[in-house]
Amino acid sequence: MALLAEHNVTAIPGRRVVEVYDADAYLGDEAALDAAEVQVVAGNGYHLYLLSLQPDMKVQVTIRIWDTPPAPPTECEGHVDISLESETGTLVIGQLDRGPAAEITLPRPGVYEGHAWWINRQAAADYYDTTLDQLTDESPDDWLTDAWNNCPVTERYVLDLAYSREPEPIDDEGI
């Protein structure tokens, strides 16, 4: 297993969602978003949704490209198999109601397969809920922002992917 590329992006999960999709294939999918409610990470082949348990604190999204993805670590909270097609070779990491957090360039366009795994999702949610419970009318204006910026754990989602094949050809007749 050789690591070919690694990209780390910090994003805020607007409405609890971080998206990963091809730069030219922004196709929202309600069924995939609903599936993420159960699976944590779900997609339709062109668009992945990563579902956090909180909407305001930064999360770390790591996309690693391997020749063969390693197994998810035993200490992860969960994992799921994924597939993502990128015709352009550029992925957007989007913050659902805040716009793009970053764009990354893949080694080449194509279909990438592997798995997603996550860690500290529940711990970040617990910190978020506890912090909101401690908020009072007397709390300074910047208290909540400081709390979000000083979370003691980093909620992290990792996509371990390997190139699988060329992207599907586009049918230009209907355009």
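The values are calculated or read from the model by the stated rules, or taken from the named source; none is laboratory data. Every value quoted in this text rests on a predicted model; they were computed, and no experiment measured them. So basically every Cβ, Gly included, is an ideal-geometry build from the backbone, and we count neighbours across all protein chains shown. Surface areas here come from the heavy atoms of the whole protein model, side chains and all, with no ligands, DNA or RNA. Shrake-Rupley method; radii C 1.70, N 1.55, O 1.52, S 1.80 Å.
Which one of N8, N44 is open to solvent by 40 Å² or more (accessible area, probe 1.4 Å), at pLDDT 95 or above and farther than 16 Å from G114 by Cβ? Step through it out loud before you land on a result.
Numbers: N44 fails: at pLDDT 95 or above.
Every option except N8 fails the conditions.
Residue-by-condition table, conditions (1) open to solvent by 10 Å² or more (accessible area, probe 1.4 Å); (2) within 19 Å of Q122 (Cβ to Cβ); (3) in contact (Cβ under 8 Å) with a residue 60 or more places away in the chain:
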position: V17; (1), (2), (3): no, yes, yes
position: A25; (1), (2), (3): yes, no, yes
position: D29; (1), (2), (3): yes, no, no
position: L48; (1), (2), (3): no, no, yes
position: L51; (1), (2), (3): no, yes, no
position: W66; (1), (2), (3): yes, no, yes
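For the range 85-128, how many residues meet the condition of being free of Cβ contacts under 8 Å to residues at least 12 places away in the same chain and outside any strand (DSSP E or B)?
Of the range 85-128, the ones free of Cβ contacts under 8 Å to residues at least 12 places away in the same chain are 99-100, 126.
Keeping just the survivors that are outside any strand (DSSP E or B) gives 126.
Qualifying residue count for the region: 1.
Having 1 or more residues that are of a type in the set (V, I, T) is the bar; report the strands (runs of 3 or more DSSP E) wholly within the range 1-83 that clear it.
Working: elements: 3-11, 17-22, 41-43, 47-51, 59-66.
In the range 1-83, the matching strands (runs of 3 or more DSSP E) lie at 3-11, 17-22, 41-43, 59-66.
Are any residues in the range 137-147 in contact with a helix residue (DSSP H, G or I) (Cβ under 8 Å, 6 or more places away or on another chain) and either aromatic (F, W, Y) or open to solvent by 30 Å² or more (accessible area, probe 1.4 Å) (or both), and if so, which ones?
If we filter the range 137-147 for residues that are in contact with a helix residue (DSSP H, G or I) (Cβ under 8 Å, 6 or more places away or on another chain), which is where we start, we get 144, 147.
Within the range 137-147, L144 is the sole residue that qualifies.
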